[in-house]
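The values are calculated or read from the model by the stated rules, or taken from the named source; none is laboratory data. Fair warning: this is a prediction, and the values are worked out from it, not measured in the lab. As a convention, Cβ positions derive from the backbone with ideal geometry for all residues, glycine included, and neighbour counts pool all protein chains shown. To get the accessible areas, we keep the full protein, side chains included, count just its heavy atoms, and leave off ligands, DNA and RNA. Shrake-Rupley method; radii C 1.70, N 1.55, O 1.52, S 1.80 Å.
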Amino acid sequence: MTTETTYLKYKAYVKRKTVFVIIITVLLLVFMITGLLFGSVKISLSDIISVLTGNGEKTYIQIIINIRLPRVLSAVLAGAALSVAGAAMQSILRNPLGSPFTLGISNAAAFGAAFAIIILGAGDTHSSVADSVILNNPYLVTVSAFAWSLVSTGIILFMAKYKSATPEVMILTGIVAGSLFAAGTTALQFFADDVELSSIVFWTFGDLGRASWRDFWFLLVVIIPSTIYFIKNRWNYNTLNTGDETAKSLGVNVEKVRTRGMIIASLSTAFAVSFFGIIAFVGLVVPHIVRRFIGGDERFLIPASVLFGAMFLLFSDTIARTIISPIVLPVGILTSFLGAPLFIYLLLKGMKRR
Amino acid sequence: MKISINNLNFSYNGSFALKDINEHIETGEFTAFVGPNGSGKSTLLKCIDRILIPSKGEILFNDQNIKYYKREKIAKIIAYVPQNEGNIYPVTVFDAVLIGRKPYVNWAPSKNDFDKTAEVIEKLDLGDISLNEINKLSGGQRQRVYIARALAQEPKVLLLDEPTANLDLRHQLEVLELLQVLSENGITIIIAIHDLNMAIKFCSKFVMINEGEIFATGGKEIITSGNIEQLYGVKVKIIKEDGEMIIIPLNNKHKKISLAI
Ligand SMILES: Nc1ncnc2c1ncn2[C@@H]1O[C@H](COP(=O)(O)OP(=O)(O)OP(=O)(O)O)[C@@H](O)[C@H]1O
Ligand SMILES: [Mg+2]
């Protein structure tokens with residue numbers, strides 16, 4: 001075998017990964033169009049096109065532009081954010097359990113929401129529409145959820161600082177902080193009245209139906225730069241995979257890469273969770289699925305997780321909207337139902353391979 | 001590149017410490033760190049690569065103190081293969097070697113990076129398994145992957161912690177021969193190694209380390225049965241055959257280990 005054939009063999013191998021990325025991109029676009037098509041009002045593809053090009057009927061414009069489009073785009077953003085943060089956490093922490101959910105960030109956000117609803121009185125209006133509970137001050141809930149997720153991130157980083165940033169300490173602290181916040185939420189619920197209780201439960205189910213254009217722009221401003229940051233660091237994450245000492249000898253400032261990565265991953269997921277509630281399993285499962293297809297090379301894993309996560313959440317949300325139409329399920333329920341068995345399946349398959 | 005270690009001190013938070021290490025290693029020297037388990041060989045190698053930061057003293061490369069260098073710059077000079085460290089997530093052999101180009105890669109690897117990678121893969125006889133997952137290789141194959149990664153770094157100084165520990169006889173010879181050739185080409189090489197016979201066969205300089213201190217340093221002349229007995233507490237006989245030294249351990253009669261349980 002010669003140097004040239006080794007290189008060509010590798011190139012052919014990498015090409016397969018590129019093809020995978022292209023396929024998900026195409027699927028993502030298809031699902032975006034499908035997401036606009038499906039809903040309780042039937043709107044044809046040609047009507048959608050005329051709406052998107054600036055013509056079309058008034059009611060259709062209302063439905064497409066103000067309801068379905070922000071929802072589809074939010075699904076794309078939230079899915080991408082949660083998945084890329086999960087992928088980054090899994091490599092930063094050198095642990096396949098890394099994800100916003102397992103590290104307690106979601107629990108902290110839920111606690112923050114409950115805190116706003118009960119202590120700050122953000123949720124005591126009665127529900128007016130048949131199937132929804134209206135929070136009288138949704139922004140207070142969002143801000144509180146976000147602030148408390150920062151607290152949980154802060155606890156993780158604080159502990160890591162004192163134990164010189166070992167991944168084990170970070171993971172264990174995250175798990176413990178997460179259960180602490182879960183206990184806190186339960187305690188708050190104990191003092192809640194019926195309406196507050198239902199507001200908390202409602203908030204906890206991740207639901208993309210809350211997305212407005214304003215939320216979308218907020219998210220975009222946070223999630224695009226953080227995604228770019230992770231893609232830029234994909235080589236650093238590849239070195240972390242080899243071990244801390246090797247990574248250092250390859251010129252990487254391991255502690256800095258680890259701390260910054262954790263901060264940015266936590267921030268962007270805290271943002272997504274604060275707006276939409278808990279969308280479980282996406283951040284954990286998506287990187288594992290992608291790794292199954294294209295292996296552990298972060299150069300491809302990170303961007304592919306962005307795309308696959310967007311596609312996965314959009315797909316789940318479209319199903320959630322249509323499966324028992326006209327009732328719209330919160331997507332968080334669906335991702336849990338899809339994600340948990342999927343994860344177990346991956347684990348079983350992984351065991352056979354070893 | 002020549003290395004001067006001046007008055008180096010290092011200590012983990014616990015009890016073990018490297019004490020007042022002074023050593024000078026010439027360009028292209030092939031040096032063996034030898035000594036008992038826990039004597040500090042790995043620790044000293046890590047200090048040289050600044051993976052561990054010494055508490056006192058300095059290390060000069062061509063009379064330059066790398067303390068003031070950025071990590072990336074050090075990575076272009078020194079490559080290090082740890083004793084036991086492995087990937088968490090499976091990657092292919094090619095990818096595992098390609099990561100050695102990290103110090104040279106900004107956004108994406110260039111054709112030159114791929115060529116260098118393929119070249120060292122061939123050099124270490126890994127061509128046939130270049131697309132296998134490294135988590136599924138044998139211990140010896142994986143060791144060669146790590147050495148290939150270090151070579152992909154194009155270092156001037158190469159530090160290897162027990163590079164032959166998992167290798168079969170043929171691959172031990174091949175790896176050490178390769179390192180010898182590299183040292184003849186001007187790369188300064190330091191290995192930690194337990195196999196004294198292999199060390200004598202290939203290395204030009206020996207640093208005996210005991211309990212965090214340098215016990216003896218020099219060429220083959222320091223490999224004496226007296227030194228070895230003091231270092232390891234084991235009696236040996238050294239014989240000369242065809243001009244080569246061979247160390248034969250003798251039964252350790254006065255320190256019989258009781259097998260009673
Ligand atoms: N991270 C650490 N923290 C605390 N002590 C350590 C650490 N790593 C090593 N030590 C201690 O430092 C001493 C030297 O260890 P080192 O790994 O340098 O020995 P070594 O000569 O490479 O041994 P071996 O031949 O077994 O590889 C040992 O007593 C060990 O217990
Ligand atoms: Mg060692």
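Could you run the numbers on buried accessible area between A and B, total for both chains, 1.4 angstrom probe, in Å² to the nearest 100? Counting protein atoms only, the buried area is about 3600 Å². Membrane-span-like helices of chain A, defined as complete DSSP H segments with a Cα extent of 24 Å or more along the helix axis and a mean Kyte hydropathy of at least 1.0, are identified as A:3-37, A:69-92, A:138-162, A:167-190, A:213-232, A:298-322, A:331-353. Taking the protein heavy atoms of chain B in the context of the full set of protein chains, the accessible area attributed to carbon and sulfur is 48 percent at 1.4 Å. Could you calculate the FRET efficiency of residue B:213 with residue B:27 from 1/(1 + (r/R0)^6), where r is the beta carbon distance between them and R0 is 30 Å, rounded to 0.05? It comes out at approximately 0.70.
Taking every residue in B:149-156 and counting other chain Cβ atoms within 10 Å of its Cβ, the average works out to 1. Within chain B, the longest run free of chymotrypsin sites (Phe, Trp or Tyr not before Pro) that sit in a DSSP loop with at most 10 other Cβ atoms within 10 Å is B:108-261. Counting Cβ atoms of other protein chains within 10 Å of each residue's Cβ and taking the mean over peptide A:236-243 gives 6.
The alpha-carbon of residue B:136 sits under 28 angstrom from the alpha-carbons of these lysines, leaving out residues fewer than 8 places away in its chain: A:9, A:11, A:15, A:17, A:248, A:349, A:352, B:46, B:102, B:111, B:116, B:123. Near residue B:27, once Lys and Arg are set to +1 and Asp and Glu to -1 for all other residues with Cβ below 15 Å from its Cβ, the sum equals -2. Beyond 35 Å, what share of the Cα-Cα pairs of the range A:3-353 is found? Please give it as a whole percent. When all Cα pairs of the range A:3-353 are counted, 25 percent exceed 35 Å.
What does the charge count around residue B:243 come to, taking other residues whose C-beta lies under 15 Å from its C-beta (Lys +1, Arg +1, Asp -1, Glu -1)? Around residue B:243, the surrounding residues sum to -1.
Once a ≥ b ≥ c are taken as the square roots of the eigenvalues of the Cα gyration tensor of the range A:255-305, is the result rounded (a/c under 1.5), prolate (a/b larger than b/c) or oblate (a/b not larger than b/c)? It is oblate, given that a/c is not under 1.5 and a/b is not larger than b/c. Loop-resident GluC sites (Glu not before Pro) (DSSP state other than H, G, I, E or B) in the range B:138-193 with no more than 13 further Cβ atoms inside 10 Å of their Cβ are absent. Among residues other than residue A:230 with Cβ under 12 Å from its Cβ, the summed charge is +3 (Lys and Arg +1, Asp and Glu -1). Each helix, a run of at least 4 DSSP H residues, gives -39500 (n - 2.57); summed and divided by the residues of chain B, these come to -8500 deg cm²/dmol at 222 nm.
Among the residues of B:92-102, the average count of other protein chain beta-carbon atoms within 10 Å of the residue beta-carbon is 6. The distance separating the Cα centre of the range B:1-41 from that of the range A:239-313 comes to 38 Å.
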